[in-house]
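To start, the structure under review is shown below, and the notes come after it.
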Amino acid sequence: GRLVIATHNAGKLREMRELLAPFGVEAVSAGELDLPEPEETGTTYAENAALKAHAAARATGLPAFADDSGIAVHALDGAPGIFSARWAGPGRDFGLAMRRVHEELARRGAENPADRRAHFVSALVIAWPDGHEELFEGRVFGTLVWPPRGDKGFGYDPMFQPDGHERTFGEMTSDEKHGWAQGSGLSHRARAFARLAAACLKRM
Ligand code: ITT
């Protein structure tokens, strides 16, 4: 069948296409269909993912899946969290967003790796044309490094070093970041996707 990937973020779209590739599902993106970007008025990742997925499913009559994600910095009480995209400002400058995270941590004297813990969250919602939805979440824990390292990936990847690895997501190929070699996935998105795939991709 066909599926809409309800994102306007190029980095996410690339990853979601890679994750879907083995399933033989034909996917078209919200950007390619010129769908409007719904306002993210929810207060949780799950609510925002549902808003995006339902808007795309309603507009197209196709099943649609959306990712809402972010990075929670433990010493910053979970910020930027659901505001992770907004910390990059109108120019979507993630060099700036990473510097803001680093400066906030420095202001609080968080210099040791143990004070620089963070986790990424991905909430994936698939919305079906009949209006029902399914939610799958994934997380990955790690440490924030400074300066950022690597030019792969997107967003906050260059400053996030997942537990058990010597390199940041920005230094990993996308196969390594997905973590398929480890079975259930490494990145928050791959882990959420593995759950979604097990639950519903076979039905398409
Ligand atoms: P869509 O809503 O169109 O999907 P967006 O960029 O606005 O795109 P979000 O509201 O979910 O998406 O924002 C999440 C932000 O968190 C995103 O812009 C990234 O900067 C960051 N982020 C999420 N997943 C990430 C990952 O795997 N690596 C690095 N940064 C990530």
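Taking into account only those residues within the range 125-173 that are within 11 Å of the ligand (Cβ to nearest atom) and of a type in the set (D, E, K, R), which is nearest to A97 (Cα to Cα)?
Filtering first and then ranking leaves D157.
Which count do you get for residues in the range 69-124 that are more than 16 Å from the ligand (Cβ to nearest atom) and either of a type in the set (F, W, Y) or surrounded by 22 or more Cβ atoms within 10 Å (Cβ to Cβ) (or both)?
Final tally of qualifying residues: 0.
How many residues does the range 125-152 contain that are hydrophobic (A, V, I, L, M, F, W, C) and open to solvent by 40 Å² or more (accessible area, probe 1.4 Å)?
Summing the residues that are hydrophobic (A, V, I, L, M, F, W, C) and open to solvent by 40 Å² or more (accessible area, probe 1.4 Å) in the range 125-152 gives 3.
Quick one: which residue in A64, A57 is over 16 Å from L196 (Cα atoms), more than 8 Å from the ligand (Cβ to nearest atom) and buried (at least 22 other Cβ atoms within 10 Å of the Cβ)?
A57
The values are calculated or read from the model by the stated rules, or taken from the named source; none is laboratory data. Everything quoted here is computed from the prediction, not taken from an experiment. Cβ sites come from the backbone with ideal geometry, for glycine too, and all protein chains shown count toward neighbours. Just so you know, the surface numbers come from the protein's heavy atoms only, side chains and all, with ligands and any DNA or RNA stripped out. Shrake-Rupley method; radii C 1.70, N 1.55, O 1.52, S 1.80 Å.
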